[in-house]
Amino acid sequence: MRILIVYHSDYGNTEKMAQAMAAGAKAVLAKADIILKQSGDTVPGDLVAADVILFGTPVHMGSMAWQMKKLIDECGKLWMENALDGKIGGVFVTGGGFGGAGGGVELTMASLYSHFLEQGMVVVGFPKDSSGYADGGLQWGPYARTNNHEGMPEGITEAQLVAARSYGAHVVEIAEKLLRD
């Protein structure tokens, strides 16, 4: 199984989540081919070559980072070719905004899923009984609020990384079931 984890990271927090997702996936399927790539280094062909695609981004003013949107826009031809149809997808985000999850987290996740669904992909949610869910999870996937209540950077917590590892493992478990058939 080839797992592609594509992310953009401003301060290293989203990258830490990407690494945790990879660790969770590897714990379930040690022989998996796991590739972590920055969005700016990713080309549409990388997505075509993957069985599982995970996208991660910080929230910028209630939406994904422009670097992720640029990659998504570059994948328009894949939609015309049905090249991602049936692939497994999941998302994760970091956000420093105000509010319990950080402003715009759910909107950003829904926007990323919208792209995956437009491409005909199968998306994987995050069950509430998963490890770390209470500290860094939403039904959409894992998230990390990285600023304090004054809006100052605090970084990512170990509890949030537990959620990311748990989700990485969950996505691979679901992918194994779906790709087996």
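In the range 160-171 there is no residue matching the filter, namely being in contact with a strand residue (DSSP E or B) (Cβ under 8 Å, 6 or more places away or on another chain) and in a loop (DSSP other than H, G, I, E, B).
Would you point out which residue out of VAL91, VAL105 is under 22 Å from LYS26 (Cα atoms) and either out of contact with any Phe, Trp or Tyr (no Cβ under 9 Å at 6 or more places or on another chain) or surrounded by 16 or more Cβ atoms within 10 Å (Cβ to Cβ) (or both)? Before you say what the answer is, go through the steps one by one.
Values: VAL105 fails: under 22 Å from LYS26 (Cα atoms).
Exactly one of VAL91, VAL105 is under 22 Å from LYS26 (Cα atoms) and either out of contact with any Phe, Trp or Tyr (no Cβ under 9 Å at 6 or more places or on another chain) or surrounded by 16 or more Cβ atoms within 10 Å (Cβ to Cβ) (or both), namely VAL91.
In the range 116-134 there is no residue that is exposed (fewer than 13 other Cβ atoms within 10 Å of the Cβ) and at pLDDT below 90.
Of the strands (runs of 3 or more DSSP E) lying entirely inside the range 1-117, those containing at least 1 residues that are of a type in the set (Asp, Glu) are 33-38. Among the conditions (1) over 12 Å from the mean Cα position of the chain (by Cα); (2) touching a residue at least 24 places away in the same chain (Cβ under 8 Å), the only one that LEU112 does not satisfy is (1).
If you go through the range 133-155 and keep only what is under 14 Å from MET21 (Cα atoms) and outside any helix (DSSP H, G or I), you end up with GLY137, GLY141, PRO142, TYR143, ALA144. For the range 156-181, the tally of residues that are of a type in the set (Lys, Arg) and under 18 Å from LYS16 (Cα atoms) stands at 1. Is the range 157-164 home to any residue that is of a type in the set (A, V, I, L, M) and within 16 Å of VAL52 (Cα to Cα)? Yes, the conditions are met somewhere in the range 157-164. Given VAL122, VAL93, VAL105, which one is of a type outside the set (Lys, Arg), farther than 20 Å from THR14 by Cα and under 14 Å from the mean Cα position of the chain (by Cα)? Step by step, each of VAL122, VAL93, VAL105 is checked, and only VAL122 is of a type outside the set (Lys, Arg), farther than 20 Å from THR14 by Cα and under 14 Å from the mean Cα position of the chain (by Cα). Out of the range 132-148, which residues are without any contact (Cβ under 8 Å) to a residue 40 or more places away in the chain, more than 23 Å from GLY86 (Cα to Cα) and not small (Gly, Ala, Ser)? Passing the criteria: TYR133, ASP135, LEU138, ASN148. Taking ASP129 and the conditions (1) without any contact (Cβ under 8 Å) to a residue 12 or more places away in the chain; (2) over 26 Å from PRO44 (Cα atoms); (3) not in a loop (DSSP other than H, G, I, E, B), which numbered condition does it fall short on, given that it satisfies the others? Of the numbered conditions (1) without any contact (Cβ under 8 Å) to a residue 12 or more places away in the chain; (2) over 26 Å from PRO44 (Cα atoms); (3) not in a loop (DSSP other than H, G, I, E, B), the odd one out for ASP129 is (3). Filtered by the rule that a residue be surrounded by fewer than 17 Cβ atoms within 10 Å (Cβ to Cβ), touching a helix residue (DSSP H, G or I) at 6+ places or on another chain (Cβ under 7 Å) and modelled with pLDDT of 95 or more, the range 45-63 gives a lone residue, VAL48.
Within the set GLN139, GLN160, the sole residue that is touching a Lys or Arg at 6+ places or on another chain (Cβ under 9 Å) and surrounded by fewer than 22 Cβ atoms within 10 Å (Cβ to Cβ) turns out to be GLN139. Beta carbons closer than 8 Å, at least 6 apart along the sequence or on distinct chains, pair a first residue in the range 149-171 that is over 29 Å from VAL122 (Cα atoms) and of a type in the set (Ser, Thr, Tyr) with a second that is modelled with pLDDT under 95 and not in a helix (DSSP H, G or I) for THR157/ALA144.
The values are calculated or read from the model by the stated rules, or taken from the named source; none is laboratory data. All of these numbers come straight from a predicted model, not from anything done at the bench. A quick note on method: Cβ atoms are made from the backbone with ideal geometry, for glycine too, and the neighbour counts reach across all protein chains shown.
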